[in-house]
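Trainee: First the structure, which I've put down as structure tokens, then a few questions once you've had a look.
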Amino acid sequence: MGKEKQMDYSYAKATELRCPHCNQTTTADIWLIVDQAARPELIQNILDGKLNSPICPNCSQPLGETDESLLIYRPSEQPPLLFSPARKAAIAEEQAHNLQTLVKRLLDAIGSEEDDWVMEGLKRIHRSQLAPMLSQVSKRET
């Protein structure tokens, strides 16, 4: 018997970006939800500071890092959810709306009607602290 395929609850939004170097417009996937169990390469991109930092397909230069809220789903960790708000989302209401939108998308994908575990198992974390926290988990897994 083969290895069972892991469900992937990650979500990326196709976003149109203009290259600051060659002025060409391109579309890039910007990750808003990362499922740690299903997409370890995306977790590695976070650790390397490369997630949501696309490269221009025309001139091979960086398009610049996008500023989007990010929800990380860690089904076998505590807390199971890490929420890193967009850096420019300084208003608490905007952060709460982004969080609610991402959590609803995740719960819909999982097929979970119950959301009690979400707020109990959610940690807000500043983007600068995300990689150090995730690297602790990566070290435990190796």
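Trainee: Taking Thr26 and the conditions (1) over 25 Å from Ser135 (Cβ atoms); (2) surrounded by fewer than 15 Cβ atoms within 10 Å (Cβ to Cβ), which numbered condition does it fall short on, given that it satisfies the others?
Mentor: All conditions are met except number (2).
Trainee: Mind checking which residues of the range 73-112 are charged (D, E, K, R) and not in a helix (DSSP H, G or I)? Walk me through it before giving the result.
Mentor: Here is the first cut: in the range 73-112, the ones charged (D, E, K, R) are 74, 77, 87-88, 93-94, 104-105, 108.
Hits for the range 73-112 are Arg74, Glu77, Arg87, Lys88.
Trainee: Pick from Leu82, Leu42, Leu102, Leu51: which is buried (at least 16 other Cβ atoms within 10 Å of the Cβ), hydrophobic (A, V, I, L, M, F, W, C), closer than 19 Å to Met133 by Cβ and without any contact (Cβ under 8 Å) to a residue 24 or more places away in the chain?
Mentor: Numbers: Leu82 fails: without any contact (Cβ under 8 Å) to a residue 24 or more places away in the chain; Leu42 fails: without any contact (Cβ under 8 Å) to a residue 24 or more places away in the chain; Leu102 fails: without any contact (Cβ under 8 Å) to a residue 24 or more places away in the chain.
Selected residue: Leu51, the only one of Leu82, Leu42, Leu102, Leu51 that is buried (at least 16 other Cβ atoms within 10 Å of the Cβ), hydrophobic (A, V, I, L, M, F, W, C), closer than 19 Å to Met133 by Cβ and without any contact (Cβ under 8 Å) to a residue 24 or more places away in the chain.
Trainee: Determine whether the range 55-72 contains at least one residue that is in contact with a helix residue (DSSP H, G or I) (Cβ under 6 Å, 6 or more places away or on another chain), outside any loop (DSSP other than H, G, I, E, B) and under 17 Å from Leu107 (Cα atoms).
Mentor: From the range 55-72, those in contact with a helix residue (DSSP H, G or I) (Cβ under 6 Å, 6 or more places away or on another chain) are 69, 71; that's our starting set.
Pick out the ones that are also outside any loop (DSSP other than H, G, I, E, B) and you get 71.
Checking the rest, the ones that are also under 17 Å from Leu107 (Cα atoms) come to 71.
Yes, that holds for at least one residue.
Trainee: Can you tell me which residue within the range 115-131, out of those that are of a type in the set (A, V, I, L, M, F, W, C), closer than 11 Å to Leu81 by Cβ and in a helix (DSSP H, G or I), is modelled with the lowest pLDDT? Please lay out each step first, then the result.
Mentor: Of all residues in the range 115-131, those of a type in the set (A, V, I, L, M, F, W, C) come to 117-119, 122, 125, 130-131.
Filter once more, keeping what is closer than 11 Å to Leu81 by Cβ: 117-119, 122, 125.
So of that shortlist, the ones also in a helix (DSSP H, G or I) come out as 117-119.
On the way: Trp117: 73, Val118: 74, Met119: 66.
Ranking the candidates gives Met119 first.
The values are calculated or read from the model by the stated rules, or taken from the named source; none is laboratory data. Worth saying up front: this structure is predicted, and the values here are computed from it rather than measured. Don't worry about glycine lacking a Cβ; one is built from the backbone with ideal geometry, like all the others, and counts go over all protein chains shown.
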